[in-house]
Amino acid sequence: MMPEAPIFYAEDDENDIFFLKHAFQTVGITNPMRVARTGQEAIQYLSRIGSLSDSSSFPPPCLIILDLKMPVINGMEVLSWLRRSSGLPAFPVIVFSSSPQARDVELALELGANAFVVKPHAMEQRIALALSIKEFWLRFNQPHPASMQPAE
């Protein structure tokens, strides 16, 4: 049996990482979570540079959750790279941001995000979000076939 594909989370705030992991555990999401704390780390992981090139140790993600305000390279730049320059399959991307600004939503969607979610503050809301992710993105959504192939 093939192990579950990881969820890739690009986020620099340790509290946000902790609370999302907790919400995932609460609703029974068992996919491993890989975390990058800068946009640069996200690009390195997704492009499988150097020690990250082993697809058995670092399989492609089934879902990318991307914060916008990260150090070094911000989330919009990562999203732009992912959709325009990476040559990678069309991984589903949820932008997960503290900013409810219409311009951020518009730009993220124009750059190819599949969804834009404002980070909920209450744990009950994070659990509801985790359940929605589990039911739609991990259960019903059909990934791009190329994203399920191991990298060479």
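Give Arg48, Arg84 a once-over and let me know the one that is under 15 Å from Leu111 (Cβ atoms) and either modelled with pLDDT under 95 or crowded, with 21+ Cβ neighbours inside 10 Å (or both).
Of Arg48, Arg84, the one residue that is under 15 Å from Leu111 (Cβ atoms) and either modelled with pLDDT under 95 or crowded, with 21+ Cβ neighbours inside 10 Å (or both) is Arg84.
Just the residues that are in contact (Cβ under 8 Å) with a residue 40 or more places away in the chain, part of a loop (DSSP other than H, G, I, E, B) and either hydrophobic (A, V, I, L, M, F, W, C) or buried (at least 23 other Cβ atoms within 10 Å of the Cβ) (or both), please, taken from the stretch 59-74.
Result: Pro61, Cys62, Asp67, Leu68, Met70.
Quick one: is Phe8 touching a Lys or Arg at 6+ places or on another chain (Cβ under 8 Å) and more than 26 Å from Leu131 (Cβ to Cβ)?
No, not satisfied.
List the number of the failed condition for Pro32; all other conditions in (1) surrounded by 14 or more Cβ atoms within 10 Å (Cβ to Cβ); (2) within 15 Å of Ile7 (Cα to Cα); (3) under 13 Å from the mean Cα position of the chain (by Cα) hold.
If we test Pro32 against (1) surrounded by 14 or more Cβ atoms within 10 Å (Cβ to Cβ); (2) within 15 Å of Ile7 (Cα to Cα); (3) under 13 Å from the mean Cα position of the chain (by Cα), just (1) comes out false.
Show the residue pairs that are 6+ apart or on different chains and have beta-carbon atoms under 9 Å apart, the first residue being within the stretch 121-132 and in contact (Cβ under 8 Å) with a residue 60 or more places away in the chain and surrounded by 12 or more Cβ atoms within 10 Å (Cβ to Cβ), the second being of a type in the set (Asp, Glu) and assigned to a loop (DSSP other than H, G, I, E, B).
none
So, in the stretch 96-152, exactly how many residues are of a type in the set (Ser, Thr, Tyr), modelled with pLDDT under 90 and either in a loop (DSSP other than H, G, I, E, B) or over 15 Å from the mean Cα position of the chain (by Cα) (or both)?
Count: 1.
Look through Ile29, Ile17 and report the one residue that is at pLDDT 95 or above, β-branched (Val, Ile, Thr) and not in a helix (DSSP H, G or I).
Result of the check over Ile29, Ile17: Ile29.
What are the pairs, 6+ residues apart or on separate chains, where a residue within the stretch 17-33 that is touching a residue at least 40 places away in the same chain (Cβ under 8 Å) and β-branched (Val, Ile, Thr) has its Cβ under 6 Å from a residue that is surrounded by 13 or more Cβ atoms within 10 Å (Cβ to Cβ) and not in a loop (DSSP other than H, G, I, E, B)?
Within 6 Å, the pairs are Thr26/Ile127; Val27/Ala130; Val27/Leu131; Val27/Lys134; Ile29/Lys134.
The values are calculated or read from the model by the stated rules, or taken from the named source; none is laboratory data. For clarity, every value in this text was computed on a predicted model and none was experimentally measured. Cβ: placed from backbone, ideal geometry, glycine included. Neighbour counts: every protein chain shown.
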